[in-house]
Amino acid sequence: MPLYEHVFIARQDLSNTQAESLIEHFSTVLSDNDGKVVMSEYWGVKTMAYKINKNRKGHYAFMRSDAPAPAVQEMERLMRLHEDVMRILTIKVDAHEEGPSVQMQKRDERPERRERR
């Protein structure tokens, strides 16, 4: 099955538990449609570069999935209809990276950048 990475932003006035329950809700949507969530992360409340629906901040969540295209389309459709979700992004990848995402790594654990000329 194809591999995907999903990021979505939820409204800032939700509690942390409500934002994490959104991850669980959309994970069950994928699993009900013959897909599976390989990993999910809650990145917390972050400041956005610009306002979306009069919100300056949002709850960020990240999921890696192994699901057929119709399951991903159904999840995206439900995300667009959900009033708490402001933005979504889904990317098809060739392989999932091992370990936590870059957002969850500490600065000491990140690989060094190469020199600029």
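The numbers here are math on the coordinates, done by the rules we state, and not lab data. All values reported here derive from a predicted model rather than from experimental measurement. Please note: Cβ atoms are built from the backbone with ideal geometry, for glycine as well, and neighbour counts cover all protein chains shown.
Restricted to region 1-24, and to residues that are under 14 Å from the mean Cα position of the chain (by Cα) and part of a helix (DSSP H, G or I), which residue is surrounded by the most Cβ atoms within 10 Å (Cβ to Cβ)?
By that ranking, first place goes to Ala19.
Residues to consider are Ser31, Ser27, Ser40; find the one that is outside any helix (DSSP H, G or I) and either surrounded by 14 or more Cβ atoms within 10 Å (Cβ to Cβ) or in contact with a strand residue (DSSP E or B) (Cβ under 8 Å, 6 or more places away or on another chain) (or both).
Ser40
If a residue must be assigned to a helix (DSSP H, G or I), closer than 21 Å to Thr17 by Cα and of a type in the set (Gly, Ala, Ser), how many such residues does region 47-106 contain?
Of the residues in region 47-106, 0 are assigned to a helix (DSSP H, G or I), closer than 21 Å to Thr17 by Cα and of a type in the set (Gly, Ala, Ser).
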